[in-house]
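Novice: Sending over a structure as structure tokens; questions will come in a sec.
The values are calculated or read from the model by the stated rules, or taken from the named source; none is laboratory data. None of the values given here were measured: they were computed from a predicted structure. Glycine also receives a Cβ, built like all others from the backbone with ideal geometry; neighbour counts cover every protein chain displayed. These accessible areas exclude ligands, DNA and RNA; they are computed on the full protein's heavy atoms, side chains included. Shrake-Rupley method; radii C 1.70, N 1.55, O 1.52, S 1.80 Å.
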Amino acid sequence: MSNHSQTYSFQRQVETYLHADVVVIGGGPAGAAAAISAARCGKKVALLEKSAQLGGMGTLANVSIFMPVGNVTGIYREIISEMLAEYLPADHDQSIAPQYSPFLLRQYFNEKMKKENVQVFYHCEFIGAVHGGGRIQSVIVSTREGLRAFEGERFIDCTGDARVAIDAGVPYRTGRDEDGLTQPMTLMFTMQNTGKQVTPLLPEGCYVYNDVSDLPQGRRLFWEQNNDGSLLVNMSRVKANGAKIEDINYAETEALRQVFSIANYLQRTGFETYALTHIAPQTGVRETNQIEGLYTLTEQDVVDGARFADVVAQTNYEIDIHSPDAKKTTDERSVAGYDIPYRCMVPEAFDNLLVAGRSISATHVAMSSMRVQATCYALGQAAGVAAALSLDDGRAMRDVSIQRLHGELEQQGVRFLKQRAGSVQAEK
Ligand SMILES: Cc1cc2nc3c(=O)[nH]c(=O)nc-3n(C[C@H](O)[C@H](O)[C@H](O)COP(=O)(O)OP(=O)(O)OC[C@H]3O[C@@H](n4cnc5c(N)ncnc54)[C@H](O)[C@@H]3O)c2cc1C
């Protein structure tokens, strides 16, 4: 549909809004943690978020359950202890999978950022990077007052789509090697037990699902952990790449159609007293772009339980690939646990840019395991500290001292598990 034959040169004098030590773009799990950890190192931090809330997919797309990663540590552990204390494990190397309120997490982050001296800018969408000589100088941002430049010494791209890195020319890959297809998108919703019979709704344009095999994922997938009669439902599935204009347009309408249809199905098959009470403001995006960094995490690393000297995050979350063709299958394979190295966040060509969160350098299969929220918090926390250290030491991001990085992360409460027998490969 797009008309590639016509291009425009767009030039504008853009006023600088502020200069920060560290500019973090995107306020999801990775961005929130990066901003906090850099601020804890004494840096002036600006966190730019295009929506009205922090938490990323965890709030915006109501993915309000933390998948288990086997290492409850650092800022993620703090969130659990401050917001979900009843789930806090005594030891950090235990697995938890708490369901939470996205509304409470949103409020929690607003207060947390004040306490941590992070300046948050809502409704600020990154649109372009000003760069030269291997350095990002500023990012151009669409604000409620028009375009503004945010200058910084270090930049951390936590947009989930690697928007900043790609705009600056960092090479990237998308989806499966064979066809570039990404994991499908899902619109999350919540139902609530009203205690009385509910009349099932089926608005115009929706489907009639009569059997589990009719459902988009071919399965019933929901959580009722809060014991308050609420049901968090993850059952829609739309074949789409969340970083493409036409795909998103299709997904936002098709996913909503599926949500009403699934709610109607559930109301006829066991949840007769449940009303549809909340639909996430946007359809959740599992996978879009991965940068090519100094190291690319592979399926082999995940399966072998690879260990790295420059470890920044550890997880034993399974390989979890919802069918990119939007078939009714999900490729789930348990893994023993592995490390993610710092180098996955470092684009080769830039001295002052890191990419944290789900768009790090990883293959399609590897990202299906590392993408969950707890891991993105861990990556973000490491990126924020690394940015601060690179400033203090006057070094490029790629040359940050790993010993210093590990030392500062430890100061901030991060613990790495001892290497586990049976899953340990030679250090890479
Ligand atoms: C349907 C679905 C179900 C999932 N289930 C689970 C689960 O059960 N448990 C779990 O732990 N994980 C789950 N995940 C994965 C997890 O939610 C994400 O992978 C994780 O949130 C990624 O974190 P992130 O910080 O990298 O990016 P995101 O969470 O995507 O956050 C990116 C942030 O950047 C902002 N942003 C984007 N572009 C710009 C821009 N140009 N300018 C400014 N800001 C920008 C966005 O608004 C957003 O706030 C699920 C994901 C989906 C989609």
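Novice: Tell me, what is the per residue accessible area of segment 161-223 in Å², probe radius 1.4 Å?
Specialist: In whole numbers, segment 161-223 has 51 Å² accessible per residue.
Novice: What is the Cα convex hull volume of segment 173-310 when expressed per residue in Å³?
Specialist: Spread over its residues, the Cα hull of segment 173-310 gives 164 Å³ apiece.
Novice: Restricting to Cα pairs below 8 Å that are 6+ residues apart, what does the relative contact order work out to for segment 189-279? Please round to a whole percent.
Specialist: 49 percent
Novice: If packing is taken as the average count of other Cβ atoms within 10 Å, what order do 149-157, 325-333 fall into, highest mean first?
Specialist: Answer by packing, highest mean first, reads 149-157, 325-333.
Novice: Label segment 178-251 by shape, choosing from rounded, prolate and oblate, from the square roots a ≥ b ≥ c of the eigenvalues of the Cα gyration tensor; if a/c is under 1.5 it is rounded, and otherwise prolate applies when a/b is larger than b/c, oblate when it is not.
Specialist: Taking the square roots of the gyration eigenvalues as a ≥ b ≥ c, segment 178-251 is prolate.
Novice: How would you order 182-190, 58-66, 376-384 from highest to lowest mean count of nearby Cβ atoms within 10 Å?
Specialist: For the peptides 182-190, 58-66, 376-384, the packing ranking is 376-384, 182-190, 58-66.
Novice: Moving on. Given axes a ≥ b ≥ c from the Cα gyration tensor, I'd like to know whether the chain is rounded (a/c under 1.5), prolate (a/b larger than b/c) or oblate.
Specialist: prolate
Novice: Can you put ARG148, ARG220 in order of accessible area, largest first, using a 1.4 Å probe?
Specialist: Solvent-accessible surface, decreasing: ARG220, ARG148.
Novice: Computing the accessible area with a 1.4 Å probe over protein heavy atoms, can you report the carbon and sulfur percentage for the chain?
Specialist: Result for the chain: 47 percent of the exposed heavy-atom area is carbon or sulfur.
Novice: As I understand it, the dipole of segment 1-138 uses +1 on the Cβ of Lys and Arg and -1 on the Cβ of Asp and Glu, about the Cα centre. Which of ALA39, ILE25, SER138 lies farthest toward its positive end?
Specialist: Result: SER138.
Novice: Shifting gears a bit: Largest first, how would VAL22, VAL120 line up by accessible area (1.4 Å probe)? Intermediate values should be presented prior to the final figure.
Specialist: Numbers: VAL22 0, VAL120 35 Å².
Putting VAL22, VAL120 in descending order of accessible area: VAL120, VAL22.
Novice: Of ASP214, ASP339, which has the most accessible area with a 1.4 Å probe, and how do the rest follow in descending order?
Specialist: ASP214, ASP339
Novice: Okay, next question. Between helix 102-115 and the chain, what is the angle of the helix's C-alpha long axis to the longest principal axis, kept within 0 to 90° and rounded to the nearest 10?
Specialist: Its long axis makes an angle of about 20 degrees.
Novice: Excluding same-chain pairs closer than 8 in sequence, count the lysine pairs in the chain whose Cα atoms lie under 28 Å apart.
Specialist: Taking the Cα cut-off of 28 Å, the pair count is 16.
Novice: Can you tell me the orientation of helix 245-268 relative to the chain, as the angle in degrees between its alpha-carbon axis and the longest Cα principal axis, to the nearest 10?
Specialist: Tilt of helix 245-268: around 40 degrees.
Novice: Run through the DSSP bridge list for the chain and note the antiparallel percent, rounded to the nearest 5.
Specialist: The antiparallel fraction comes to roughly 65 percent.
Novice: Rounded, prolate or oblate: which fits segment 1-137, taking a ≥ b ≥ c as square roots of the Cα gyration tensor eigenvalues, rounded meaning a/c under 1.5, else prolate when a/b beats b/c?
Specialist: prolate
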